[in-house]
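Here the structure is laid out as structure tokens; the discussion comes afterwards.
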Amino acid sequence: MTDPNLPSTAFSSEAGDGSREENANKQEVGAETGNDSSRIDAKLAALGDWRGEALSRMRGLIHAAAPEVVEAVKWVKPSNPSGVPTWEHAGILCTGEVYKAYVKLTFAYGAALDDPTGLFNAGFGGGTRRAIDIREGETIDAAALMALVKAAMALNVAKQKPRRA
């Protein structure tokens, strides 16, 4: 039996010793096969179920809220060879993780954001991040999510140190 709290890729059949050399080679291969947006496209298509559709909808709302956002793939490792999609502007805004029973959007500085509609429903144990867990069949308030993305972007910009001339 698999744990629904583990990433869906945690039981990858890909063998490896997890060495630095192996991880460096994996990142190089990923870089050669296309940009990060293409890698996210591939991850979503490979899921082929409601989780890919849900994360794709969230991705679209993130881009609608912040057209200048940059997509990146981070934390590529043998247990998660497709990595974790991230959306960034002046730092990480949020990440999109796929688990067996839910999709998780984690806001890097979510604890510092106002959430008047109560969209955050996970990650309350720490003092920095907050998350939104989306389960099959659930819908997310699009306007509320877009407001959180805009607030996260404004917070990241405000946290930047002025550049020296």
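Derivation of every value follows stated rules applied to the coordinates shown; laboratory data play no part. These numbers come from a predicted model, not from an experiment. Here Cβ is always computed from backbone atoms with ideal geometry, including for glycine, and neighbour counts include all displayed protein chains.
So how many residues does the stretch 47-91 have that are among the aliphatic types (A, V, I, L, M), more than 15 Å from V103 (Cα to Cα) and in contact with a Ser or Thr (Cβ under 8 Å, 6 or more places away or on another chain)?
3
For N80, all conditions in the list (1) without any contact (Cβ under 8 Å) to a residue 40 or more places away in the chain; (2) touching a Pro at 6+ places or on another chain (Cβ under 8 Å) hold save one; what is the number of the exception?
For N80, the exception is condition (1).
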